[in-house]
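Undergrad: First the structure, then my questions, so here it is.
Derivation of every value follows stated rules applied to the coordinates shown; laboratory data play no part. This one's a predicted model, so the numbers in the text were calculated from it and none came from an experiment. A quick note on method: Cβ atoms are made from the backbone with ideal geometry, for glycine too, and the neighbour counts reach across all protein chains shown.
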Amino acid sequence: MSRAARLFDLMQTLRRHRCVVSGRVLAQELGISLRTLYRDIEALRAVGAEIDGEPGLGYVLKPGFMLPPLMFSEEEIEALSLGLKWVEQRADDGLGTAASEALAKVAAVLPRELRHRLEDSTLLIGPGWDKPQQVDLAVLRQAIRGQNKLVISYCDLKSRRSSRLIWPFAIGFFETTRILVAWCELRQGFRHFRADRIETARVREERYSRRRHELLKMWRATLLPQSDSSGGYATSTPTDARRITMEQDIVFYTNPMSRGGIVHWMLEEIGVPYRKEVLAYGAEMKSPDYLAINPMGKVPAIQHGSVVVTEAAAICAYLADAFPEAGLAPPSGERGAYYRWLFFAAGPLETAIALKECGVQPGPEQQMQLGCGAYESVVDVLAAAVKERPYLAGEHFSSADIYVGSHIGWGMQFGTLPKRPEFVRYWQNLEARPAYQRVAEGVQQAMAEQSI
Ligand SMILES: N[C@@H](CCC(=O)N[C@@H](CS)C(=O)NCC(=O)O)C(=O)O
């Protein structure tokens, strides 16, 4: 019996015995000496077989361990040799080393007559890819294996640089390029990145929320026929199926001590699930990752599926439209007052307060040029708008009340607006809302934690 056949039989015998079996029993079953058995066990361990035990104690194959049959045909040997040599030369250094080690392990257990087929293979790998990338493919493989998010800086064919937060799940090995396939958080779509154009890559600890094989399946089903591996940053039309599974997610970028509170209130009123990303002032808000969401490097911002919205007033208006069932916008033909006060607060009110806080007192001519005119007029107009009416845009509470009301509430709290009876009455009605109370509690908690 050849050595390969003997090793194969030993594996099969070990598989059959689920508990520890003595060396003597194994040797008897296989018709070999104990010495040969010990040698064969070492040979199997050398190629990675996980066999526990030692002479005198007995042996057991670790549960779940499967070693493929160790007898290869000549054709299989050539296929193995060609494939592993290709990986040695055409993959990253880590995979290349692994391929040559695997080749050595296979050679170690092959009978001599087959071993020379492996060593003298006449199938050669021609010149091709010369590993030009700045980022080691091993880093990309690591992120794929761990299902970790990856932050990359990418330079496309037109030399435009961008920073992306992606969910990498596959690498395509083409003759002269390597393509990383990933889900891009910013674009909410599958994207293909040429590995040699990825300038930096950082694996995040955070894991992505879908399983790798799910993404691969979706990508295969919807995108492969249209994919473009030469374009460097190709895109494909999302399918309805993907919209349903991916585009429901809302990511809310905020800081508890910011205008993010307005959007937080809005989200709580709507009552849809969302994921909150709290960003610290300073470096975190100005990081390339976040600047890709809001180039101003300010909060709040939201990402709703493929849509990114910044500016608190715009986010309120957007969410009211995106979730009509929440009833936070008047019917489309009745939105005069609604738009008017949203824009009034985002423009003239914000500016008038900001100028006053900065100690700027525009003279009569400057007031004519400034969109906000005089601070006093802005305050008068706003007070008249909320006088004796609970809501700004008709009979019902709307996102305009959330936005304008927040300005009034804060303005009175921080002294940037006077505590006029109109403001006080209007705000009392709004701040009693459970959704606002939930947000206010969160802010208080965050402030308390900061002061510890
Ligand atoms: N116009 C923006 C203003 C956003 C804004 O100024 N946010 C402040 C917090 S309230 C911010 O993020 N500041 C950080 C910074 O500028 O670095 C809006 O209404 O959303």
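Undergrad: State, to one decimal in nm, how far the label point of Ser287 lies from the label point of Asp156, with both points 7 Å from Cα in the Cβ direction.
TA: Modelled inter-label distance: 2.4 nm.
Undergrad: Relative to the longest principal axis of the C-alpha atoms of the chain, give the angle of the C-alpha long axis of helix 93-109, reported between 0 and 90° and rounded to the nearest 10°.
TA: 20
Undergrad: Let me ask another. Under the classification rounded if a/c is under 1.5, otherwise prolate if a/b is larger than b/c and oblate if not, where does the chain fall, given a ≥ b ≥ c as square roots of the Cα gyration tensor eigenvalues?
TA: In terms of gyration-tensor shape, prolate.
Undergrad: Can you give the relative contact order of the range 144-224 as a percent, counting alpha carbon pairs under 8 Å and 6+ residues apart?
TA: Answer for the range 144-224 is 33 percent.
Undergrad: Evaluate the charge dipole of the range 332-447 about its Cα centre and quote only its size in Debye, nearest 20, assuming +1 on the Cβ of each Lys and Arg and -1 on the Cβ of each Asp and Glu.
TA: 180
Undergrad: What's the magnitude of the charge dipole for the range 284-356 around its Cα centre, counting Lys and Arg as +1 and Asp and Glu as -1 at the beta-carbon? Answer in Debye, nearest 20.
TA: It comes to approximately 280 debye.
Undergrad: Right, next: Which loop GluC sites (Glu not before Pro) in the range 1-58, with loop taken from DSSP, have no more than 10 other Cβ atoms within 10 angstrom of their Cβ?
TA: Answer by residue number: there is no such site.
Undergrad: Are any of the pairs Lys158/Lys217; Lys387/Lys419; Lys356/Lys387; Lys85/Lys149 more than 20 Å apart by Cα-Cα distance, and if so, which?
TA: From the list (Lys158/Lys217; Lys387/Lys419; Lys356/Lys387; Lys85/Lys149), the Cα-Cα distance tops 20 Å for Lys158/Lys217; Lys356/Lys387; Lys85/Lys149.
Undergrad: Relative to the present Cα-Cα distance, how much length would full extension add between Glu119 and Lys105 at 0.36 nm per residue of separation?
TA: Stretched fully, the Glu119-Lys105 segment lengthens by 3.8 nm.
Undergrad: Which angle between 0 and 90 degrees, to the nearest 10, do you get for helix 434-451 versus the longest principal axis of the chain when only C-alpha atoms count?
TA: Its long axis makes an angle of about 70 degrees.
Undergrad: Follow-up. Could you line up Leu95, Leu44, Leu61 from fewest to most neighbouring Cβ atoms inside 10 Å?
TA: So the ranking, lowest neighbour count to highest, is Leu95, Leu44, Leu61.
Undergrad: Lys/Arg Cβ at +1, Asp/Glu Cβ at -1, dipole of the chain taken about the Cα centre: which of Ile32, Ala107, Pro256 is farthest positive-ward?
TA: It is Ile32.
Undergrad: Which length gain, in nm to one decimal place, applies between Ala322 and Asp380 when the Cα-Cα distance is subtracted from 0.36 nm times their residue separation?
TA: 17.6 nm
Undergrad: What do you get when you divide the Cα radius of gyration of the range 391-452 by 2.2 N^0.38 Å, with N the number of residues?
TA: The reported ratio for this selection is 1.23.
Undergrad: Work out the FRET efficiency for Glu78 and Asp136 from their Cβ-Cβ distance, taking R0 = 45 Å, and round it to the nearest 0.05.
TA: 0.90
Undergrad: A further question on this structure: Classify the range 3-61 as rounded, prolate or oblate, taking a ≥ b ≥ c as the square roots of the eigenvalues of its Cα gyration tensor: rounded when a/c is under 1.5, otherwise prolate if a/b is larger than b/c and oblate if not.
TA: rounded
Undergrad: Take Val60, Val404, Val439 and order them by how many other Cβ atoms sit within 10 Å, fewest up front.
TA: In increasing order of surrounding Cβ atoms, one gets Val60, Val439, Val404.
Undergrad: At a threshold of 8 angstrom on Cα-Cα distance, excluding pairs fewer than six apart, so keeping six or more, what relative contact order does the chain reach in percent?
TA: Relative contact order comes out at 9 percent.
Undergrad: Can you tell me, using C-alpha contacts under 8 Å and at least 6 residues apart, the relative contact order of the range 3-61 as a whole percent?
TA: Across the range 3-61, relative contact order equals 42 percent.
Undergrad: Take Val203 and Ala5, extend 7 Å from each Cα along the Cα→Cβ direction, and tell me the distance between the two endpoints in nm.
TA: 4.5
Undergrad: Given axes a ≥ b ≥ c from the Cα gyration tensor, I'd like to know whether the range 272-394 is rounded (a/c under 1.5), prolate (a/b larger than b/c) or oblate.
TA: Oblate.
Undergrad: Name the trypsin sites (Lys or Arg not before Pro) in the range 331-399 that are in a loop by DSSP and that have at most 15 other C-beta atoms within 10 Å, would you?
TA: Passing both the DSSP loop test and the Cβ count: Lys387.
Undergrad: Follow-up. Specify the angular offset, from 0 to 90 degrees and rounded to the nearest 10, of the alpha carbon long axis of helix 137-146 from the longest principal axis of the alpha carbons in the chain.
TA: On a 0 to 90 degree scale, this one is about 80.
Undergrad: Hey, if you put +1 on the Cβ of every Lys and Arg and -1 on every Asp and Glu Cβ in the chain, which of Cys316, Phe174, Val272 ends up farthest toward the positive end of that dipole?
TA: Highest projection toward the positive end goes to Phe174.
Undergrad: Taking the beta-carbon count within 10 Å as an exposure proxy, list Leu180, Leu370, Leu137, Leu150 from fewest neighbours to most.
TA: Leu370, Leu137, Leu150, Leu180
Undergrad: Treating only the Cβ of Lys, Arg, Asp and Glu as charged (+1, +1, -1, -1), what charge dipole size does the range 395-452 show about its Cα centre? Round to the nearest 20 debye.
TA: So the dipole magnitude of the range 395-452 works out to roughly 140 debye.
Undergrad: Would you list, by chain and number, the lysines whose Cα falls below 17 Å from the Cα of Lys286, excluding same-chain residues fewer than 8 positions away?
TA: Those lysines meeting the cut-off are Lys298.
Undergrad: Roughly speaking, what is the stretch gain from Ala440 to Met368, that is 0.36 nm per residue apart minus the C-alpha to C-alpha distance, in nm to one decimal?
TA: Result for the pair: 22.1 nm of gain on full extension.
Undergrad: If we sort 201-214, 423-436 on the protection proxy, mean other Cβ atoms within 10 Å, highest first, what's the order?
TA: Listed from highest to lowest mean packing, they are 423-436, 201-214.
Undergrad: State the answer as a single residue: which of Thr416, Gln445, Gln361 lies farthest towards the positive end of the charge dipole of the range 332-447, with beta carbon charges of +1 for Lys and Arg and -1 for Asp and Glu, about the Cα centre.
TA: Of the candidates, Gln445 comes out farthest on the positive side.
Undergrad: I would also like to ask the following. Sorted by packing (mean other beta-carbon atoms within 10 Å per residue), highest first, where do 275-286, 260-271 land?
TA: Averaged packing, sorted descending, gives the order 260-271, 275-286.
Undergrad: Follow-up question, since we're still on this one. I'd like the antiparallel share, as a percent to the nearest 5, of DSSP beta bridges with both residues in the chain.
TA: Around 90 percent antiparallel, to the nearest 5.
Undergrad: Determine the calculated [θ] at 222 nm for the chain from helices alone, applying -39500 (n - 2.57) to every DSSP H run no shorter than 4 residues and normalising by the residue count; nearest 500 deg cm²/dmol.
TA: -14000 deg cm²/dmol
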